[in-house]
Every structure is written in structure tokens, then in C-alpha cells.
Amino acid sequence: MSELALPTPPIEKHRPSLSRAPASNIDEDEKEQGLTAPPVLVHPKRELRADVRKLSFWYGDFQALHAVNLPVVNNGVTALIGASGCGKSTLLRCFNRMHDLYPGTRYDGDIMLLPEEKNIVSVKIDPIMVRLRIGMVFQKPNPFPKSIYENVASGLRVRGITQRAALDERVESSLRQAALWDEVKDRLHQSALGLSGGQQQRLCIARTLAPNPEIILFDEPTSALDPIATAKIEDLFHDLRSDYTIVIVTHNMQQAARISDYTAFMHLGRMVEFQATDDFFVNPSHLRTEQYITGRFG
Ligand SMILES: Nc1ncnc2c1ncn2[C@@H]1O[C@H](COP(=O)(O)OP(=O)(O)OP(=O)(O)O)[C@@H](O)[C@H]1O
């Protein structure tokens, strides 16, 4: 059910002044410094699960994404980083057509699901079908006010799995994958709301894993958690990355460096740099990336 549940409407955020300022002087200065050089996209040598091609996106008349390209590797973790307001969450929410829930939004370009080459932001594709195939874990844990078991089982029922044995088996394996089974196996029928924040977030991850989604989106999944709960979730990524295709938004560069295979850096709605995480942090190719990761802006 999680993918079908209506999320809280995105909060109207303050738009950074730079995105709107004509500021030709700023543009000239940036040009001189080499900050406006074309994006650097080092194409992965691995199989892709999705490919974002020239994706633009508008909230009403405000263009939040500008012809963004992003390869998403199969069975691996792709991290999206960048300063507040650069469009990370907007891009993530395009993958499961979350914006369609609000009026006045518009996409242009493609997010191709591979290998079938299906453009999931096309108006011809039903957003509900997209949400059944692409799971999402939010910033704040949002378990349903139901039992631990039901939190995981309800999404399976929506997809037609109703046999008790099959449900039991999938609930257990999902809770094991989310490293929660040992902590909850004796209280499966108690309310999920009695779990700690970190346990609730791992339950939301189990709920998302259960139907075996093709891609899992994580929107700052540890920002509401303490360091110990965060470390447990980061450990999970190491176990999941070989079996699942994950795209994660994080504010934390160290986290991106620790858990991702590929990193993409955005600035004011544009992709600046994408490459293998090891190279990205050690040897960034774009001056703007270098300035960001060395703390000189953002
Ligand atoms: N519902 C909305 N309506 C209008 N503009 C929006 C809406 N949501 C986001 N924006 C604008 O779109 C731009 C990108 O916002 P987005 O939330 O994607 O950035 P972000 O990089 O995820 O930021 P943060 O790290 O602060 O979450 C910002 O200028 C923001 O103000």
C-alpha cells in the first residue's frame, strides 16, 4: 500500500534567489571561472536499469529541472547530492510520478525504464502502475497505524498475494532483509507505532522491499534518525545494493561516499557531474563539483 498511499503535499519551499536573478554579472564571473562549463557525465560501464534523458520539470510556471540526464545502474546505489533547492527531491519524485498528484505540474523528456525502454513520465503511462513498480522510502518514517505484520503484508495483498503461507514467507524475508526480524519476530501482531524511530524506518524499508520493486527511491532516509539508527540503515545499503536498484537523495556527502556506487551532483535544477563515487569524491571533473565537495559553496 505504501506506494499508493497519498503522501503529504510537498511544502512550498523558498526558492533560492540565484535561481531567479537575471544577474548577468554573476553569469559572467562564473563563466570566467569555468563554473558554467558543460556537465560531465561519465557513462557507467555497467548495465542500466533506467536512463533519465533530457528531463525538464515545471511546478506551474517555475522550471525546477532543466534537461537533466542521469544513468541509473542496475543493482547498485545512485546518490543525488547538491545544495538545498537544487532539485534533488524534484528529480527523485519524477521516478514514481508523485508530482502527478498535484495540479499544474508538467514533465518534458524521458525516464526510460530498461531494458523495456518504457518512458515512465509519458502521459500514456498510468502513474498508479508506475508506483506499483517503483517503491519509495520517505525522510520521516511513516508506518501505517496497523500491526508490524500488516505493514508489510498489505502491499502484497494489493498486488494479489493473499495466501497465508506466501504472505508469512514474504513478510519474514522482507523483515530479515531490512535487518529487523530478530527485533520484532515475537511481536509481529503488535502495533508498528510502538517501534523506535529507527525500527519504524527499517519497517518502512521492509514494506517497500516486500513486493520486489524494480527501483527503490530513498528521500533522505536517515535525516530524522540518530547516529546509531543511521549506521544500521547505512549497513543495510551494503546488503541491498547487489540485489536492488536504488536512487537516494542525501544531504550528507560522507553518506553518499560511504553507500553509493555512483554520485550525481546537481545545481539550480541542472546536472553538473555524474560519475563513479570513488572518482567523484577523489577526482571531481567539474570545477563546481570541486567547490561543493571542498565546502567552498552550498
Ligand atoms: N511544490 C512546489 N511548488 C513550487 N516550487 C517548488 C515546489 N517544490 C519545490 N519547489 C522548488 O523547486 C526547486 C527544487 O526543489 P527541491 O525540493 O527539489 O530541491 P532539493 O534539492 O530537494 O532541496 P532540499 O535539499 O532543501 O530538500 C526549489 O527552487 C523549490 O523551491
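The values are calculated or read from the model by the stated rules, or taken from the named source; none is laboratory data. Just so you know, these numbers come straight off a predicted model, no measurement behind them. A quick note on method: Cβ atoms are made from the backbone with ideal geometry, for glycine too, and the neighbour counts reach across all protein chains shown. Side chains included, ligands, DNA and RNA excluded: accessible areas come from the protein's heavy atoms. Shrake-Rupley method; radii C 1.70, N 1.55, O 1.52, S 1.80 Å.
Brief remarks follow.
- When residues of the range 67-104 are limited to those that are out of contact with any Phe, Trp or Tyr (no Cβ under 9 Å at 6 or more places or on another chain) and under 14 Å from L268 (Cα atoms), the one farthest from the ligand (Cβ to nearest atom): A67
- Yes/no for D186 being more than 22 Å from D239 (Cβ to Cβ) and acidic (D, E): yes
- Residue that is over 17 Å from the mean Cα position of the chain (by Cα) and of a type outside the set (K, R), where the choices are L240, L268: L268
- Assessment of the range 133-147 against the conditions (closer than 27 Å to A50 by Cα, part of a loop (DSSP other than H, G, I, E, B) and open to solvent by less than 60 Å² (accessible area, probe 1.4 Å)) yields at least one matching residue.
- Contacts under 7 angstrom Cβ, first residue in the range 185-197 being open to solvent by 60 Å² or more (accessible area, probe 1.4 Å), partner in a loop (DSSP other than H, G, I, E, B), 6 or more apart: L193/P143; L193/P145
- Of all the numbered requirements in (1) aliphatic (A, V, I, L, M); (2) free of Cβ contacts under 8 Å to residues at least 40 places away in the same chain; (3) assigned to a loop (DSSP other than H, G, I, E, B), A179 misses one, and that requirement is (2).
For (1) among the hydrophobic types (A, V, I, L, M, F, W, C); (2) under 25 Å from V152 (Cα atoms), each residue gets a yes or a no:
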site: Q190; (1), (2): no, yes
site: E220; (1), (2): no, yes
site: L236; (1), (2): yes, yes
site: V272; (1), (2): yes, no
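- Inter-residue pairs, beta-carbon under 9 Å, first under 24 Å from D243 (Cα atoms) and in the range 75-99, second part of a loop (DSSP other than H, G, I, E, B) and among the basic types (K, R), 6+ apart: N75/R46; N75/R241; G76/R46; G76/R241; V77/R241
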